[in-house]
Amino acid sequence: MELSEFVQKGFQLLADPGSFDFSAFTLVLRAAFQSLLDAPADEAVLDHPDLKHIDPVVLKHCHAAAATYILEAGKQRADKSTLSIGRSLPHIIDVSWRLEYQIKSSQLHKMYRPAYSVTLNIENTDSQSHPEISFSCNMEQLQDLLGKLKDASKSLERATQL
């Protein structure tokens with residue numbers, strides 16, 4: 001499905017959390033569907049109080065882009081697997097780790113317990129931010145995590161070979 005630059009830009013604006021929070025995003029999509037499904041479309045659908053902070057020109061641009069996308073998807077008979085409406089999930093761009101030993105507890109008891117400190121560098125494509133997620137785990141927890149990641153990787157390989 002090929003979309004004009006106008007429609008693509010409208011969708012980029014709509015997906016930007018700095019411009020549209022989740023509530024506003026949902027309202028614009030509902031308004032786009034409502035304007036296409038209801039013959040006497042009510043122009044007040046974009047006058048919702050949660051949309052008042054958005055520039056009306058941007059709001060109408062995003063509404064038109066969403067409506068165009070919906071029409072094109074219908075025309076192409078697109079199904080759920082070929083559509084990507086919404087915000088993308090963050091993805092991992094880097095991982096760092098270190099082995100730490102806890103020698104004493106706060107009560108001064110000797111412990112000698114190893115733990116892994118793991119930091120995931122995340123890229124959030126919606127907001128172009130790069131937050132970090134840090135956690136600590138013991139050897140068994142790390143092995144369990146690695147096993148689950150390997151299972152997910154194998155599942156993805158099988159799915160892409162079909």
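Quick notes
- Count of the stretch 19-35 residues which are part of a loop (DSSP other than H, G, I, E, B), loosely packed, with under 14 Cβ neighbours inside 10 Å and not acidic (Asp, Glu): 0
- Failed criterion for Ile122 (all others in (1) at pLDDT 90 or above; (2) open to solvent by less than 50 Å² (accessible area, probe 1.4 Å) hold): (1)
- Residue in the stretch 95-116 that is modelled with pLDDT of 75 or more, assigned to a loop (DSSP other than H, G, I, E, B) and open to solvent by 50 Å² or more (accessible area, probe 1.4 Å) present: no
The values are calculated or read from the model by the stated rules, or taken from the named source; none is laboratory data. All values reported here derive from a predicted model rather than from experimental measurement. Reconstructed Cβ throughout: ideal geometry from the backbone, glycine too, with neighbour counts over all protein chains shown. With ligands, DNA and RNA removed, areas are computed over all heavy atoms of the protein, side chains included. Shrake-Rupley method; radii C 1.70, N 1.55, O 1.52, S 1.80 Å.
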